[in-house]
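Have a look at the structure below before the remarks.
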Amino acid sequence: MTTTPSDGTTGAAILFRLSLWNHPGDTIYGMFARCESIVNSAERILDGEVYHYHSKMIMKDAKTGGAWAWHQDYGYWYQNGVLSPDLCSASIAVDPATRENGCLQVIEGSHLLGRVDHVLTGDQAGADKERVAAILERSPFVYVEMDPGDVLFFHSNLLHASAENSSDKPRWSMICCYNAARNNPYKESHHPRYTPLHKVPDSAILEAGLKRFADSTEDVAWLEDKKDQSARSLEHQATKHS
């Protein structure tokens, strides 16, 4: 997958790698997504039972890791039949996240502004640039620098972005996304509707050891990029209105 820098400048596309799966499974990755510390926190944030919407590993390799434009996750997930923005994500730092290697940037309080229109540009959908510029005039943005193992929880309407990784150090992060059980999508999409989430104690992470996807027989429903229609549906809408 390719993208262009989040500041909107032109030039050669910069690569980043992303793996995405819909069901947590029983690997070490699944134990993170199912562990009580993270799931219980998501349930406190969303005020009730949650289920696993999907997880992903974003891999920004040294000198090549690409940028993400300002966006809201609900700007995409709205297209999937999710009626309310009652979703949140837990971003787990695998590597140190710094300004130099393209750490997450967030606009303080932007989750209170409601859903912003998103526009597809190339392979990436971003929030309306004019509105984002107006928001940035009134609200500060923060670089979220993290140590390995740190977790950032953020609402699906929080505007966030990240710059390219121009450093000689990688920045990998695992993001577990949750939807409120009461917010079951009204239609099928490439992400799951309500599926009960079986929590595990935090100790299950250590017990899983180095169990990876190749060591498991569970179907985690990998999502191929060509099947992810969250952003591409914006292109269809633009075509209909033009």
Single unsatisfied condition, Ala12 versus (1) at pLDDT below 95; (2) within 18 Å of the chain's Cα centre (by Cα): (2)
Residue pairs meeting the criteria (Cβ under 9 Å; at least 6 apart or on separate chains; first without any contact (Cβ under 8 Å) to a residue 40 or more places away in the chain, in the range 100-116; second in a loop (DSSP other than H, G, I, E, B) and among the small types (Gly, Ala, Ser)): Glu108/Ser139; Gly109/Ser139
Filtered residues of the range 99-116 (kept if in contact with a strand residue (DSSP E or B) (Cβ under 7 Å, 6 or more places away or on another chain) and on the phi < 0 side of the Ramachandran plot): Arg99, Asn101, Cys103, Leu104, Gln105, Val106, Ile107, Glu108, His111, Val116
Residue count for the range 55-66, restricted to those that are part of a loop (DSSP other than H, G, I, E, B) and crowded, with 23+ Cβ neighbours inside 10 Å: 2
Qualifying residue in the range 150-157 (condition: at pLDDT 95 or above and more than 15 Å from the chain's Cα centre (by Cα)): yes
Cβ-Cβ under 8 Å pairs, at least 6 apart or on other chains, the range 140-168 side within 8 Å of Leu104 (Cα to Cα) and in a loop (DSSP other than H, G, I, E, B), far side at pLDDT 95 or above and hydrophobic (A, V, I, L, M, F, W, C): Glu145/Ala97; Glu145/Cys103
Pairs, first assigned to a helix (DSSP H, G or I) and of a type in the set (D, E, K, R) in the range 22-36, second surrounded by 23 or more Cβ atoms within 10 Å (Cβ to Cβ) and modelled with pLDDT of 95 or more, C-beta under 6 Å, six or more apart: Arg34/Pro24
Members of the range 188-226 found to be farther than 23 Å from Asn80 by Cβ and not in a loop (DSSP other than H, G, I, E, B), listed by number: Val200, Ser203, Ala204, Ile205, Leu206, Glu207, Ala208, Phe213, Ala214, Asp215
Residue in the range 172-187 that is surrounded by 14 or more Cβ atoms within 10 Å (Cβ to Cβ), touching a Cys at 6+ places or on another chain (Cβ under 8 Å) and small (Gly, Ala, Ser) present: no
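The values are calculated or read from the model by the stated rules, or taken from the named source; none is laboratory data. Just so it is clear, the structure is predicted and the values come from calculations on it, not from any experiment. Positions of Cβ are generated from backbone atoms using ideal geometry, with glycine treated the same way; all protein chains shown enter the neighbour counts.
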